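First the structure, in the form of structure tokens, and then the observations on it.
Every number in this text was worked out from the coordinates using simple rules, so none of it is lab data. Treat the numbers as computed from the prediction; the structure is a model and nothing was measured. Please note: Cβ atoms are built from the backbone with ideal geometry, for glycine as well, and neighbour counts cover all protein chains shown.
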Amino acid sequence: MSGNTLGTLFCVTNFGESHGPAIGCVVDGCPPGLPLNEQDIQLELDRRRPGTSRHVTQRQESDQVEILSGVYQGKTTGTPIALLIRNVDARSKDYSAIAETFRPGHADFAYWSKYGLRDPRGGGRSSARLTAPTVAAGAIAKKWLAAQYGVQVRGYMSQLGPITMPFISWEHVPGNPFYSADPTIVPELEAYMDQLRHDGDSVGARIEVVAEGLPAGWGEPIYDRLDADIAHAMMGLNAVKGVEIGAGFHSVVQRGSEHGDEITPEGFIGNNAGGVLGGISTGQPITVSLAIKPTSSIRVERRSIDTAGNPVMVQTLGRHDPCVGIRATPIAESLLAIVLADHALRHRAQCGEPVRR
């Protein structure tokens, strides 16, 4: 299986399965001299960790990260950084009933069609469990971007199913399990999720990610556009079915006189472009919006087939997120940070340090 590496100069290779002994990644290309320890990475992993509220999967994983290489005396050496996260609470027997059937909306059928076999335990390689190494790698990218350029990457949930969540302030985002920037709406979200869990069903979500403080000049036309690489990375996140940069699909109803961000001596007026023009950063905030589909593993019975092509009814038991979007915010932040770190190094390799205006 190929396709497990993201990046050109800042490269992240992800490995493992949901119910295997461990999951992890190798980060290759991180510049030397960055102060780094396991706690730096653990802080981000704890934001994504399962079992932190009643609204997410109750799989109890501590997600303790181990740095196996690439760090000496508290600093990166410039060599590959190997990160390991051991699986300690897998229950493979929960999936014995679906070993020969395909869950609607899940990757089961596609994996089996491609490889002729699949690991049914927790989705195997297609499990959202494999986003933990992404967050670990993203923690390194975040720290380097902040130290080198003062870039800050953060996100929040703006919609849970039919409930839209207005942005009030960044300070509210860490204080609730939904990463909502509006604390007053949390009771409504909790009641909605409690009913959803009772129904054995699932729902989607919308996540907003913003990177601030980066200079103009990152990105490469035509095929290595910054926004294209961001979209590519975000679509690699489990359950993402749509990515918008800036105004996104709202651009369809805008006129050019409205959409094109005017420029004054003081800077841009508006940011419909989402911080990217011609595939290159403008120095404005990078704004990305993600549409995340409902979780495929649900208790509601649905029609499907087995590996012999016979009709069956499928019901998925076990521990699953009724909305995978609830834990998606730190993952989306990490993916954006990885892409930005990669493009920062690529720009530096070709053009030197960016010109600040």
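Only one entry of 239, 216 meets the criterion of being more than 11 Å from the chain's Cα centre (by Cα) and among the hydrophobic types (A, V, I, L, M, F, W, C), and that entry is 216.
Rundown of residues vs (1) more than 28 Å from residue 197 (Cα to Cα); (2) touching a Ser or Thr at 6+ places or on another chain (Cβ under 9 Å), yes/no style:
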{"position": "132", "(1), (2)": "no, no"}
{"position": "141", "(1), (2)": "yes, yes"}
{"position": "144", "(1), (2)": "yes, yes"}
{"position": "157", "(1), (2)": "no, yes"}
{"position": "164", "(1), (2)": "no, yes"}
{"position": "175", "(1), (2)": "no, no"}
{"position": "180", "(1), (2)": "no, yes"}
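Residue check: residue 192 meets all listed conditions (1) closer than 21 Å to residue 272 by Cβ; (2) in a helix (DSSP H, G or I); (3) in contact (Cβ under 8 Å) with a residue 12 or more places away in the chain; (4) of a type in the set (Phe, Trp, Tyr) but one, namely (1). Look through segment 287-322, keep the residues that are hydrophobic (A, V, I, L, M, F, W, C) and in contact with a Phe, Trp or Tyr (Cβ under 9 Å, 6 or more places away or on another chain), and return whichever of them is surrounded by the most Cβ atoms within 10 Å (Cβ to Cβ). Step by step, filter segment 287-322, then rank; the result is 314. Taking the listed residues 180, 113, 169, the one that is within 17 Å of the chain's Cα centre (by Cα) and hydroxyl-bearing (Ser, Thr, Tyr) is 180, with no other qualifying. Whenever a residue of segment 126-142 is without any contact (Cβ under 8 Å) to a residue 40 or more places away in the chain and at negative phi, it has no partner that is buried (at least 24 other Cβ atoms within 10 Å of the Cβ) and part of a helix (DSSP H, G or I) lying with C-beta atoms less than 6 angstrom away and at least six residues away or across chains. When the residues of segment 218-236 are filtered to those that are outside any helix (DSSP H, G or I) and either among the β-branched types (Val, Ile, Thr) or in contact with a helix residue (DSSP H, G or I) (Cβ under 6 Å, 6 or more places away or on another chain) (or both), the one that is surrounded by the most Cβ atoms within 10 Å (Cβ to Cβ) is 218. Counting only residues that are in contact with a helix residue (DSSP H, G or I) (Cβ under 8 Å, 6 or more places away or on another chain) and more than 17 Å from residue 329 (Cα to Cα), segment 237-253 holds 2 of them. Just need a number here: residues in segment 260-307 that are more than 28 Å from the chain's Cα centre (by Cα) and free of Cβ contacts under 8 Å to residues at least 40 places away in the same chain. The number of residues fulfilling the criteria is 11.
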